[in-house]
Amino acid sequence: MNIRQLFFDLYNASVEKEVDDVLNNYGIIQNPSNWRPYGGNESNFGVIENQQASPIPALIEKITNGIDAILMRKSYEQSVDPRSDQAPRSIDEALQQFFPDHKNWDLRKERLKQAERLQILADGPRGETSLIVYDDGEGQAPEDFENSFLSLLRGNKNDIHFVQGKYNMGGTGAIVFCGQKRYQLIASKRYDNGQAFGFTLVRRHPLSTEEDKKKKSTWYEYLVIGGKIPFFTCGELELGLYKRRFTTGTVIKLYSYDLPSGSRSVISRDLNQSINEYLFQPALPILTIDNKKRYPDDRNLQRELYGLKRRLEEEDSRYIDEFFSENITDHEIGEVKVTCYVFKTRVDQRSVKETRDTLRREFFKNNMSILFSVNGQVHGHYTSEFITRSLKFSLLKNYLLVHVDCTEVNTEFRNELFMASRDRLKEGDKSTKLRHKLAEILSKSRLKDIHKNRKASITVEGNDAEDLMRNIARNFPIRNELAQLLSQNFKLNDRREGKRRDKGSKTQDEKPDKKNTFNPKRYPSCFSIDVKQQDGEEFPMVQIPLGGKRTIKFSTDVEDQYFDRISDPGDIQIGLMNFAPNNTKGGDSPGTPKALDAIFDVVKSSPRNGTIRVSLNPTDEVKVGDAITIRASLSAPEGQLEQIFLVKISESEKTPPKKPKKGEEPDTRLGLPEFVMVYQDQNRGKITWEKLEQNGIEMSHEVIVQLFEEEDSLRTVYINMDSKVLLSHRSKLTGESTIDIAEKRYVSAVYFHTLVLYTITKNRKYSIQQGEGEQNKSIPEYISDLFGTFYAQFLLNFDMQELVSALEA
């Protein structure tokens, strides 16, 4: 058998059907002597099949294995045993030691040069893409395949700190997405081990008729020739790589890979975007390459990628409105850095809908709004449900991405947080605690002000709709059954009387800007604590109640992105200088000093307009009367800027619970949601299309109504007074009073039917999907879309005389 020719016949097979043909031609497809069970165990089916739940995370494992291999090669080339104490203790340290010029990768030319060492290439027809993953890492000799590529659960990298791999199984996750036969070609050549180029083919064992009767399940196996991994000697090989021939390293081909529908076009664009999401901050840049045969008219068939973080934090980003971070230190969880990216609602000259579609395609392709990563690789996520339900920031639903860096989370906690497959969170106490912690901190972070400002700009008081609103609430002509239905969500006796705002008061937009001019610097030159030092005290003192928390402000002159920028970021460190416990029971020796994270849970916020906030929350390790001396250090090129302050633990603040009146149960229902009439032109109304669109709410002639939910309840109904439906209806009318009645009829019909549709849909707990495989629509999206068809025309021509008469009374 010509082993070299066998390899090239397999490698050049573009889809799994062609692999079948090659194996048949060589007479090895059914020969049991040519196949051995993967991992040396026929019971491998469960381990291999029960890994990543979708094809992109499974592919990511192949890429991270390539990154690991390149870092391992660098270690060996520097004569550093990867398992020794001299080896880097983290991926960041490995970059510093092995790639001292890695900061140059911010330059596209340098990034592209490095990315050629880790490539993903497309093969096969458009509808049945095969993928090739190449790295020029350490590679493996043929005799070592069975202890590396083809082993399972040996923990080959468990004691190597600067690589991602740990369990010795992630590389098999992609096999289950390789067509129907699960063909995967593995080929490799050790970087320092002569000319031997080995290869094998992995597949799912095809059960014979007799085996099917005896076996409960099949297994995975790999190809051997003459009882050994097939190999041949070579120097360089032409394998179709981008701008290079293969010399050493590893090539893996995944035949007929089951890419999701959104990643089945040019891989250098669509697959590239998905990989960027899952590799939020990869250690090394990667190159994705498609070919002219598949897309002859595409001019961008090669694109490098370097993680979503760099795309988001580029200084010239067209998409990001602002971003900031919260650094959490929790005695149980460990250290977590949370970075929030708030997107613009309109980009360039695109409409709100076009912008939203672009953001979803570019940054939310996999419906991940909250990303949890370790060493830059996403290990789990939440959808936008966390933003609307836990944070209750509904206006940010489509415009917020949160990255939660769990690299420094305590090992025990992290082991209970993520599945071994590294693609999803476990359900349990640890994930629940982290979710609650994130919700608590982010709901009070800068996001609160951002959402508040966006909401204020689309809220109107004292407008002409108030009288109409009162009439609707007072004269709602509904039968008992319908009243009972609506009363499940709303208090129907809400007359919306409220307090009317004085005409002389100013709206949010009219308030004068009282902020002092702030001129930020790239590096800080000053740093001071915003606590006055009392006479006789050595340091400024802060009192924190036991069981409570205190936010301490520091003033500086550094720019807002100082902690988060890609190039030369800074940091604030909070350290313990002295712990003086209030020892009322005495003792015969000094107490043992404690680390700060044992005494306080700490949250450090990135600078904002010259203010850095640090929140301290005492743990159970302290008691009333304890005194703690703390040093706060802000990094700067010319040396640390420091502030020392004293914290004393005071009695806990207990607020007595408010007692309800005897026999009275609190009514948690909201009153009828307000409605706001929205106009295209500023001269016709206070709320315009532009104001809504600035906050991500689409308005155009085709839109009839938009709904605003807050805390999972309907709060506002925005009715478009310049919709095509109403304008067309008005054009057929004459007389001011006739037009006025028609507009009231339109408003009341849209409002009333919106309430009924919303209530029924919500109470029946419907799940709404438009088209197979599409993301579920929310109730507001569904109702807005429903009115945008012919439903509004139907309502305008429907007999609503009873309601109109009540409104005119």
Residues being open to solvent by less than 40 Å² (accessible area, probe 1.4 Å) and more than 12 Å from L796 (Cα to Cα) - total across the stretch 721-738: 3
Selection from the stretch 179-224 of residues that are in a loop (DSSP other than H, G, I, E, B), modelled with pLDDT of 95 or more, more than 36 Å from the chain's Cα centre (by Cα) and farther than 29 Å from S75 by Cα: V224
Considering residues of the stretch 376-386 that are surrounded by 21 or more Cβ atoms within 10 Å (Cβ to Cβ) and of a type outside the set (S, T, Y) only, the residue nearest to K426 (Cα to Cα): G380
Restricting the stretch 306-323 to residues that are open to solvent by less than 50 Å² (accessible area, probe 1.4 Å) and part of a helix (DSSP H, G or I), the residue that is nearest to L396 (Cα to Cα): L312
Complete set of residues in the stretch 748-797 that are in contact with a helix residue (DSSP H, G or I) (Cβ under 7 Å, 6 or more places away or on another chain), open to solvent by less than 40 Å² (accessible area, probe 1.4 Å) and of a type in the set (G, A, S): S748, A749, A792
Cβ pairs under 7 Å, 6+ apart, first in the stretch 72-97 and more than 14 Å from D192 (Cβ to Cβ), second assigned to a helix (DSSP H, G or I): P82/M72; P82/S75; A87/S75; P88/A94; P88/Q97; A94/L71; L95/H102
The stretch 127-139, subset under 22 Å from E77 (Cβ atoms) and among the charged types (D, E, K, R), residue surrounded by the fewest Cβ atoms within 10 Å (Cβ to Cβ): D136
Selection count, the stretch 232-287, where residues are open to solvent by less than 20 Å² (accessible area, probe 1.4 Å) and among the charged types (D, E, K, R): 3
Total residues in the stretch 420-447, condition open to solvent by less than 70 Å² (accessible area, probe 1.4 Å) and either over 24 Å from I612 (Cα atoms) or not in a helix (DSSP H, G or I) (or both): 14
Hey, R303 touching a Gly at 6+ places or on another chain (Cβ under 8 Å), basic (K, R) and buried (at least 19 other Cβ atoms within 10 Å of the Cβ) or not: no
Some residue of the stretch 225-247 being acidic (D, E), part of a loop (DSSP other than H, G, I, E, B) and without any contact (Cβ under 8 Å) to a residue 12 or more places away in the chain: yes
Selection within the stretch 543-563 - within 19 Å of I574 (Cα to Cα) and aliphatic (A, V, I, L, M): I544, I552, V558
T218 being touching a helix residue (DSSP H, G or I) at 6+ places or on another chain (Cβ under 9 Å) and more than 23 Å from A141 (Cβ to Cβ): yes
All positions within the stretch 317-361 that are hydroxyl-bearing (S, T, Y), free of Cβ contacts under 8 Å to residues at least 60 places away in the same chain and touching a strand residue (DSSP E or B) at 6+ places or on another chain (Cβ under 8 Å): Y319
Condition check for K426: under 30 Å from V374 (Cβ atoms) and in contact with a Phe, Trp or Tyr (Cβ under 9 Å, 6 or more places away or on another chain): yes
The stretch 103-126 - residue that is within 15 Å of L271 (Cβ to Cβ) and open to solvent by 30 Å² or more (accessible area, probe 1.4 Å) and, of those, modelled with the highest pLDDT: D123
Whichever residue in the stretch 565-587 is in a loop (DSSP other than H, G, I, E, B) and modelled with pLDDT of 90 or more and, among such residues, is surrounded by the most Cβ atoms within 10 Å (Cβ to Cβ): G570
Pick from the stretch 332-361, criterion acidic (D, E) and under 20 Å from the mean Cα position of the chain (by Cα), ranking: most open to solvent (accessible area, probe 1.4 Å): E335
Selection within the stretch 194-217 - surrounded by fewer than 17 Cβ atoms within 10 Å (Cβ to Cβ) and of a type in the set (V, I, T): T209
Residue in the stretch 71-82 that is under 30 Å from V374 (Cα atoms), buried (at least 20 other Cβ atoms within 10 Å of the Cβ) and among the polar types (S, T, N, Q) present: yes
Complete set of residues in the stretch 768-809 that are modelled with pLDDT under 85, among the polar types (S, T, N, Q) and assigned to a loop (DSSP other than H, G, I, E, B): Q769, Q770, Q775, N776, N797
Search result, residues across the stretch 559-573 that are in contact (Cβ under 8 Å) with a residue 60 or more places away in the chain and not basic (K, R): D560, Q561, F563, D564, I566, S567, G570, D571, I572, Q573
The lone exception for K503 - which of (1) at pLDDT 85 or above; (2) open to solvent by 100 Å² or more (accessible area, probe 1.4 Å); (3) of a type in the set (K, R) it fails: (1)
Any chance R154 is surrounded by fewer than 18 Cβ atoms within 10 Å (Cβ to Cβ), modelled with pLDDT of 90 or more and either touching a Leu at 6+ places or on another chain (Cβ under 7 Å) or part of a loop (DSSP other than H, G, I, E, B) (or both): no
Tally, over the stretch 362-371, of residues that are outside any loop (DSSP other than H, G, I, E, B) and either free of Cβ contacts under 8 Å to residues at least 60 places away in the same chain or crowded, with 19+ Cβ neighbours inside 10 Å (or both): 3
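The values are calculated or read from the model by the stated rules, or taken from the named source; none is laboratory data. The shown structure was predicted, so the numbers you read here are calculated from the model rather than taken from an experiment. Ideal geometry is used to build each Cβ from the backbone, glycine not excepted, and the neighbour counts take in all protein chains shown. Heads up: the accessible areas ignore ligands, DNA and RNA and are worked out on the full protein's heavy atoms, side chains in. Shrake-Rupley method; radii C 1.70, N 1.55, O 1.52, S 1.80 Å.
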